[in-house]
1. Cα gyration tensor of the range 257-298, axes a ≥ b ≥ c as square roots of the eigenvalues: rounded (a/c below 1.5), prolate (a/b > b/c) or oblate?
2. Could you tell me which Cys residues in the chain have no other cysteine's Cβ under 4.7 Å from their own Cβ, answering none if every one has a partner?
3. How do VAL102, VAL146 rank when sorted from fewest to most other Cβ atoms within 10 Å of their own Cβ?
4. Going by alpha carbons, how many degrees (0 to 90, nearest 10) lie between the helix axis of 472-482 and the longest principal axis of the chain?
5. Normalised by the residues of the range 364-444, what does the relative contact order come to in percent, with Cα pairs under 8 Å and at least six apart?
6. Over all alpha-carbon pairs in the range 342-423, figure out the percentage whose distance exceeds 17 Å.
7. Restricting to the chain, compute how many DSSP beta bridges are antiparallel as a %, nearest 5.
8. Strictly greater than 15 Å: what percent of every Cα pair in the range 151-219 meets that?
Amino acid sequence: MESAPTQPDREPSAKEIRLVIAASSAGTVFEWYDFFIYGTLAGLIGAAFFPSDNETLQTLLVWAGFAVGFGFRPLGAILFGFLGDRLGRKYTFLVTVTLMGVATAGVGLIPTAATIGIAAPIIVICFRILQGLALGGEYGGAAIYVAEHAPPEKRGYYTSYIQASVVGGFVLSIIVVLACRALIPAEDFIEWGWRVPFLLSLILLGISLWMRFKLSESPVFEAMKKAGETAGNPFVESFTYPGNKKRIFVALFGVTGILTTIWYTAFFSSLSFLRGPMRVEEGLVEIIMLVAGAIAMSFYLVVGKWSDRVGRKKPIIIGALLTLVLIFPLFWGMGSLANPGLQRSAEEAPVVVSGADCSFDPFAEVQATPCGRVLQDLTALGVPYDLQGDSADATIAIGSSSLDYSALDDADRRGTIQSALEEQGYDFSVQTPPLPNILGIIVLLLGFGVLSALTYGSVAALLAEMFPPQIRYSSLSIPYHIGAGYLGGFLPLIASYIVARTGDVYAGLWYTWAVVAFGALVAWWGIKGGPPRDFEDDHA
């Protein structure tokens, strides 16, 4: 295999291209809505399917379920990439969107763990696996379908609608949750109303299928099929085509590793950060994320269009380097605006824990030592702490005061610790920041939106241009979904674990920083600079 397939013998009309962009983008919005509704309702899902006396463990189990879906994305990429390169782009992502819609609605029908016991989380995980398989085929199909319809000089701009649609799925999930909260009484929403957003995916599925059935096949695939140049085994050929191993490595670490960790830090880590340790009122957090996400969608279109002039490499490198500089300041700023009292208390009355065998296992239902149980309580309260090595003293120093926890029993330990912290100025009430602070948080989130757009806005065009058309679906999807599935999908779980182990609510950001730093080096080395070009122009 040494040459690219023949060129398409027809150019799509402007009307056809508009329909392609609209249908592909709408389907992407709906499919990512299905996937993100799980994360948006993480707290209620934890209580329904992963109940635990250890709040940190309950949170980690929810994010583990989130990660499982992402973990199966590469398998979906292999399966649907094979079908997309062999049978066509159109019908493959018709299958993916159907699978996603059915699996999402299924989550809304599962009885709680209180009703059917261990079967509940097992069924949830099974549906998450189906969602991951579906998502593994969706992005590659939508991105390639638009890229193969777009004229080369507008490929970055047209495909940027796919990236904006990913944010659109997140925004739609928040809109639906807010609408359900407004229409369903709070107690009913907690008991059963949270299921409604999952069941609504059946309506979205119907709309998406209606739009996608109106589409024709990609002209590039039609030309390959007519010329008999479709791949025999796209998966194998993705790793044997000359130079493709390097391209896959660059796509995995230098493209996807960067964009996916920045994206999930920008939207999911900030969502969990504001809801959790910063204790901002849940509905307000959803409104803040909705406003920031809706505005940020336009950034992806701007970057995609810009990349058509300056090339795909420059925005990605700029975004990655800026992230390394700004990620911690942006989160410190959000923390100081969202809950300034907590930050002030942590500085004026730092917490130091002393005791024998003082370690905390976030995955343990019950901690093995009294000191470990104290660390569990502090972690659940979102209070940063330092450890004073192994000590015979079983004490918590809070500023100038000290509490002996050795005599506390499990029934009143946490309440006593919380009272001691409150006496030293810690405020554990639900926070509603003043309007200027809320606006400031939105501005900082928009800063993350810019970083995400720089590293994501041109990616569909870049990946389509990196790989030969006859194995493009597979070659694009495999590294993209390995990176997004593992480097990004496991980010909430890994970051939460780091925070739990260290007691520092900002420590989880080091995971993003490390992945982006390595990815920036790979991108600098491996992504071609200069103006955009088709694969046919460069086989090296």
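Values quoted throughout were computed directly from the atomic coordinates according to the rules given, and no laboratory measurement underlies them. Note that the structure is a prediction, hence the values are computed from the model and not measured. Cβ coordinates were reconstructed from backbone atoms using ideal geometry, including for glycine residues, and neighbour counts include every protein chain displayed.
1. oblate
2. CYS126, CYS180
3. Placing the least packed residue first, the sequence is VAL102, VAL146.
4. Helix 472-482 and the main axis of the chain meet at about 10 degrees.
5. Computed over the range 364-444, the figure is 22 percent.
6. Everything past 17 Å amounts to 39 percent.
7. 65
8. 69
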